[in-house]
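The values are calculated or read from the model by the stated rules, or taken from the named source; none is laboratory data. Nothing here was measured: the structure is a model prediction, and the numbers come from that model. Here the Cβ positions follow ideal geometry from the backbone for every residue, glycine too, while neighbour counts run over all protein chains shown. The protein model used for the area step is the full one, side chains on, heavy atoms only, and it has no ligands, DNA or RNA in it. Shrake-Rupley method; radii C 1.70, N 1.55, O 1.52, S 1.80 Å.
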Amino acid sequence: GTFHFTDNRDEADIALKLNVEAGTQGVRVVAAIVNAKGEVLWPLTPGIRARGYDGVSEKVIDELNRELLRDFQQLKQK
């Protein structure tokens, strides 16, 4: 049901992996959630290892947040 944030890698069951690069038009963020074995848990789409977001940082953060919340809600309903 719930999760807690930690800065200690040894305490974590999963990790949000972010790769952030600055560009001329804003930022590019590639995001995935992986378990301790490195297996991709999110994005939920089979065969997709990460999601990419491009644009102004506020827009990228909003879009990533919206998709994560949507997918968490989808999982809670199962």
In Å², and per residue, what accessible area does the chain have when probed at 1.4 Å with the other protein chains present? 82 Å²
For the range 1-75, diffusion coefficient by Stokes-Einstein and Kirkwood Rh (Cα), 4 °C, 1.567 mPa s, µm²/s: 96 µm²/s
Computed ³J(HN,Hα) along the range 63-68: with the Karplus parameters 6.51/-1.76/1.60, θ = phi - 60°, integer Hz and x for glycine or proline, the list is 5, 4, 4, 4, 5, 4
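What number comes out for the charge environment of Leu44, summing +1 per Lys or Arg and -1 per Asp or Glu over other residues with Cβ under 15 Å away?
It works out to a net charge of +3.
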Carbon + sulfur, % of accessible area of the chain - ligands and nucleic acids excluded, 1.4 Å: 52 percent
Counting only helical runs of four or more DSSP H residues, what would the 222 nm mean residue ellipticity of the chain come to if each run contributes -39,500 (n - 2.57) and the total is spread over all its residues? -9500 deg cm²/dmol
Provide the gained length on full extension for the span Asp13 to Ser57, in nm with one decimal, where the gain is 0.36 nm per separating residue minus the Cα-Cα distance. 13.1 nm
